[in-house]
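Contents: one structure, followed by commentary.
The values are calculated or read from the model by the stated rules, or taken from the named source; none is laboratory data. Just so it is clear, the structure is predicted and the values come from calculations on it, not from any experiment. A quick note on method: Cβ atoms are made from the backbone with ideal geometry, for glycine too, and the neighbour counts reach across all protein chains shown.
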Number of protein chains: 2
Amino acid sequence: MVMIGMVHPGSMGAAVGGLLVEVGHDVAWAGDGRSPATHDRATTAGLRDVATLAALTEADVVVSLCPPAAATQVAEAIAATGFVGTYVDANAVSPDTARSIVDHLAAAGAATVVDGSIVGGPPRPGDDVPTRLYLSGVGAPDVADLFDDEALEVVVLDGPVGAASALKMGFAGWTKAASALAVALRAMARADGVEAALLAEWDRSLPGMRVTERSGRAGPLAAKAWRFEGELREVAASLAAHDLPDGFHHAAADVYAALADLKDTPDPDMDDLMAQLLHGR
Amino acid sequence: MVMIGMVHPGSMGAAVGGLLVEVGHDVAWAGDGRSPATHDRATTAGLRDVATLAALTEADVVVSLCPPAAATQVAEAIAATGFVGTYVDANAVSPDTARSIVDHLAAAGAATVVDGSIVGGPPRPGDDVPTRLYLSGVGAPDVADLFDDEALEVVVLDGPVGAASALKMGFAGWTKAASALAVALRAMARADGVEAALLAEWDRSLPGMRVTERSGRAGPLAAKAWRFEGELREVAASLAAHDLPDGFHHAAADVYAALADLKDTPDPDMDDLMAQLLHGR
């Protein structure tokens, strides 16, 4: 039995942790100071509460799954405990951020760092298309061996730390920027009085791209906007690292930053979303 | 018989002019100083060469179809001839640019300005999906009546000058920015060693969006890049006019500006395009 620490089990971390429990591993988490909702989620998934990050130094593997903006801070906190096992950063961060996490853990001791990233939603048995966990770095095959579940497809990339993160940046850099682009253009068309005509043209000319649908996911976009902003800043940094234009993703981050202010609006609809973009700031 | 002036018949202008000739109109153009290729195109389409813009003052209608960056200059040149008929700006410009063209022509005389924009390629009889000509402004229905061809579908928008331009900005603001985004992310993935894995993930997760195909149109993108840059700056201005994020389109314009430098590379392939983006500037 392998001991695996999950920091911090949100909906993705709890689902991935639950799969590892199913395989037969001892999956632990540090519950002190976390919300009742997080405790409920972790308990339901079968995770063992060891209270503190310090208690996770006993783990063979620690998996970090957290908002992108917190990834470095979580790595520093684990490094500070003197953890010397395998550290998997599975967050949506730039390759440079992933490499800096190696440095943080190496400075603290002798932990092996594996780069990871997840494409898809929280894995659930029975999903038509399984969620993918991409892994890279010298310890990647060993981490892949921990999983044995059809709900999560593990893909080991032939590359160093940074490769799994780059894959995620390229994927989220398309999907999340495309949605923000559609929303921004729809707001422009609304302000200029041609919203209905634009949606009709999108539907007619580009049915496969589902631009109208993409521009209209008010509820989901508003609920996740606070998390998307940080992820898109990481994508922008990933492009800038190669002197490629990074304005797509700063603009998309700005769209999500504006929408994040809708978090106190219950069940926001399209009018709320458009008003927030056009008049909110 | 209505006399219609076309300035300046590129591939789109020649095709639209040719349809108007088929309807039975007298379609004229100013050939002095234009290239042999332009003369060939205009002659083939049945356009009558009246040599100078001054000779187009006799026209009932002048249609401007030119690169976006030249739209204002063309309007000023027509205004300077004292033209008092109906002026149709059918270019891919921002609503503000379209409105400023009204001002240029009003200052010169009494021309009626109709806002137009075209979605689709040069219209050809037999195309499955006809190209659309959007029109707006008080003179729009009269301009629509000039056309009678299945190869071009004319849509009169219920709005003032600016509406047809806004529609085009919303449409091109999606298609051309999405292609540039896909190309930029593919270049990033190539630089980070995960290009094949990213294309596989795009194909698997988002088959309808055809992101891989969109990222790989090296030849067409390189050939049109010089024209797309100006159009995307107009889209950026259209978003900025409503305080919406305009970075998507400046970034896309930067991608096309880099690719425009490939114009002297015969038949550029994907390696040429990626190298230009990653190392060209």
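Structural remarks
- Those residues of the range B:227-246 which are modelled with pLDDT of 95 or more, under 15 Å from residue B:174 (Cβ atoms) and not β-branched (Val, Ile, Thr), in sequence order: B:231, B:232, B:234, B:236, B:238, B:239, B:244, B:245, B:246
- Residue match in the range B:182-189 (condition: within 7 Å of chain A (Cβ to nearest Cβ), without any contact (Cβ under 8 Å) to a residue 24 or more places away in the chain and crowded, with 22+ Cβ neighbours inside 10 Å): yes
Okay, residues lined up against (1) part of a loop (DSSP other than H, G, I, E, B); (2) out of contact with any helix residue (DSSP H, G or I) (no Cβ under 7 Å at 6 or more places or on another chain); (3) surrounded by fewer than 18 Cβ atoms within 10 Å (Cβ to Cβ); (4) not small (Gly, Ala, Ser):
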position: A:5; (1), (2), (3), (4): no, no, no, no
position: A:13; (1), (2), (3), (4): no, yes, no, no
position: A:40; (1), (2), (3), (4): no, yes, yes, yes
position: A:75; (1), (2), (3), (4): no, no, no, no
position: A:78; (1), (2), (3), (4): no, no, no, yes
position: A:82; (1), (2), (3), (4): yes, no, yes, no
position: A:91; (1), (2), (3), (4): yes, no, no, yes
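- Checked against the criteria, residue B:196 does not count as facing chain A (nearest Cβ under 7 Å) and either closer than 30 Å to residue A:137 by Cβ or in a helix (DSSP H, G or I) (or both).
- Complete set of residues in the range B:98-148 that are among the acidic types (Asp, Glu) and assigned to a strand (DSSP E or B): B:115
- Residue match in the range B:190-212 (condition: at pLDDT 95 or above, within 18 Å of residue A:250 (Cα to Cα) and in contact with a Leu (Cβ under 9 Å, 6 or more places away or on another chain)): no
- Among the residues making up the range A:1-36, those that are more than 22 Å from residue A:73 (Cα to Cα) and not β-branched (Val, Ile, Thr) are A:1, A:3, A:15, A:18, A:19, A:20, A:22, A:24, A:25, A:26, A:36.
- Members of the range A:11-65 that are of a type in the set (Asp, Glu) and within 19 Å of residue A:87 (Cβ to Cβ): A:26, A:58, A:60
- Matching option when the condition is in a helix (DSSP H, G or I), over 30 Å from residue B:132 (Cβ atoms) and away from every other protein chain (no Cβ under 13 Å), among A:272, A:254: A:272
- Within the range A:149-181, being in contact (Cβ under 8 Å) with a residue 40 or more places away in the chain, in a loop (DSSP other than H, G, I, E, B) and either at the interface with chain B (Cβ under 7 Å from one of its Cβ atoms) or over 27 Å from residue A:98 (Cα atoms) (or both) holds for one residue alone: A:162.
- Cβ pairs under 9 Å, 6+ apart, first in the range B:201-229 and outside any helix (DSSP H, G or I), second among the acidic types (Asp, Glu): B:210/B:203
- Looking across the range A:93-109, the residues that are in contact with a helix residue (DSSP H, G or I) (Cβ under 8 Å, 6 or more places away or on another chain), at pLDDT 95 or above and not β-branched (Val, Ile, Thr) come down to A:94, A:95, A:96, A:98, A:100.
- Residue within the range A:201-218 that is more than 7 Å from every other protein chain (Cβ to nearest Cβ), buried (at least 24 other Cβ atoms within 10 Å of the Cβ), hydroxyl-bearing (Ser, Thr, Tyr) and closer than 22 Å to residue B:169 by Cβ present: yes
- Scanning the range B:56-71 for residues that are crowded, with 18+ Cβ neighbours inside 10 Å and in a helix (DSSP H, G or I) yields B:56, B:68, B:71.
- Unique match (being hydrophobic (A, V, I, L, M, F, W, C) and in contact with a helix residue (DSSP H, G or I) (Cβ under 9 Å, 6 or more places away or on another chain)) among A:251, A:144: A:251
A quick yes/no check of all residues on (1) over 23 Å from the mean Cα position of the chain (by Cα); (2) farther than 26 Å from residue B:165 by Cα:
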residue	(1), (2)
A:175	no, yes
A:178	no, no
A:201	yes, no
A:235	no, yes
A:238	no, yes
A:242	no, yes
A:247	no, no
A:252	no, no
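- Index of the failed condition, residue B:116 passing every other in (1) over 17 Å from residue A:198 (Cα atoms); (2) touching a residue at least 40 places away in the same chain (Cβ under 8 Å): (1)
- Residue A:245 meets each of the listed conditions (1) part of a helix (DSSP H, G or I); (2) of a type outside the set (Asp, Glu); (3) surrounded by 22 or more Cβ atoms within 10 Å (Cβ to Cβ) apart from (1).
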